[in-house]
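Data block below; observations after.
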Amino acid sequence: MDGIDMKLEIVVIPVSDVDRAKAFYAGLGWRLDADFAADDGSFRVIQFTPPGSGCSVIFGKNVTAAAPGSAQGLYLIVNDIEAARAELLGHGVAVSEVFHGSADTYVGPDEPFLFGRVRVAGPDPGRGSYRSFASFSDPDSNGWLFQEITTRLPGRIEGDTTFAAPTDLAAALRRAATAHGEHEKRTGGHDTNWPDWYAEYIVREQAGKDLPS
């Protein structure tokens, strides 16, 4: 099986009221890809795709045996968690405050997430990539989380440098501009070769390699 691509493309979420779920996910601004139903009403499948995502969600009637609300730990990766949270709030969705994990404590009273069951209020103090979260649920209590990722760990991205949305590229350019400004302060001059510096920074950042200084 070596060399065969296996791409995660669909996540099925169980819901109790298909029309209510459709209205909720449409209200998030997600793209409606499909809404197919059998003539006798015995089957229905709906597909939505979050903005910039290569993976979609499916729900409907007779598409899963899982109990409604049992899908938990569904992660939406964003490069600006405050902006993502504000966008959902603007759509009328209840979203938790931004939180991060406790450095050395993993057992606690909170809902579990990638860093255990202790949710500390506010974004990660060092604003480390992978470290800040916010959570929300659909009407059936299927659980979603935003996770802020600005720099990938080494080996997490293969192939060409790509961006899922123009906003991701714009954010990368802003980070490169900030880093380049610090570079010019250290070198004490105006770098006329800044396009190449930006390009090197963005490619290395997305590949999880050491960044230029």
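Of the solvent-accessible surface of segment 170-213, computed with a 1.4 Å probe over protein heavy atoms with every protein chain present, carbon and sulfur atoms account for 53 percent.
Against the 2.2 N^0.38 Å scaling, with N counting residues, where does the chain land? I'd like the Cα-based Rg ratio to two decimal places. Don't jump to the answer; show the numbers that get you there.
Details: Rg = 20.3 Å, N = 213, 2.2 N^0.38 = 16.9 Å.
The value comes to 1.20.
Which of rounded, prolate, oblate describes segment 114-155, given a ≥ b ≥ c as roots of the alpha-carbon gyration tensor eigenvalues and a/c under 1.5 marking rounded, otherwise prolate only if a/b is larger than b/c? It comes out prolate by the Cα gyration axes. Shape class of segment 17-91 from the alpha-carbon gyration tensor: prolate, with a/c at 1.5 or above and a/b greater than b/c.
Of the listed peptides 138-147, 81-90, what is their order by residue-averaged count of other C-beta atoms within 10 Å, with the highest listed first? Don't skip to the answer; put the middle values down first.
Numbers: 138-147: 19.4, 81-90: 15.9.
Taking the mean over residues of other Cβ atoms within 10 Å, the ranking is 138-147, 81-90.
Taking a ≥ b ≥ c as the square roots of the eigenvalues of the Cα gyration tensor, an a/c ratio of 1.5 or more together with a/b no larger than b/c marks segment 82-128 as oblate.
Taking only protein heavy atoms into account and a 1.4 Å probe, give the accessible area per residue of the chain in Å². Could the numbers behind the result be given before it?
Numbers: 12450 Å² over 213 residues.
With all protein chains present, the chain gives 58 Å² per residue.
Over segment 31-157, with every protein chain in place, what whole percent of the accessible area is carbon and sulfur at 1.4 Å, could you tell me? Kindly include the intermediate steps, with their values, before the conclusion.
On the way: 3570 of 6680 Å².
For segment 31-157, the apolar C and S fraction of the accessible surface comes to 53 percent.
The values are calculated or read from the model by the stated rules, or taken from the named source; none is laboratory data. This structure is a prediction, so every number in the text was calculated from the model and none was measured. Note that we place each Cβ from the backbone using ideal geometry, even for glycine, and neighbour counts take in every protein chain shown. Heavy atoms of the whole protein, side chains included, go into the accessibility calculation; ligands, DNA and RNA do not. Shrake-Rupley method; radii C 1.70, N 1.55, O 1.52, S 1.80 Å.
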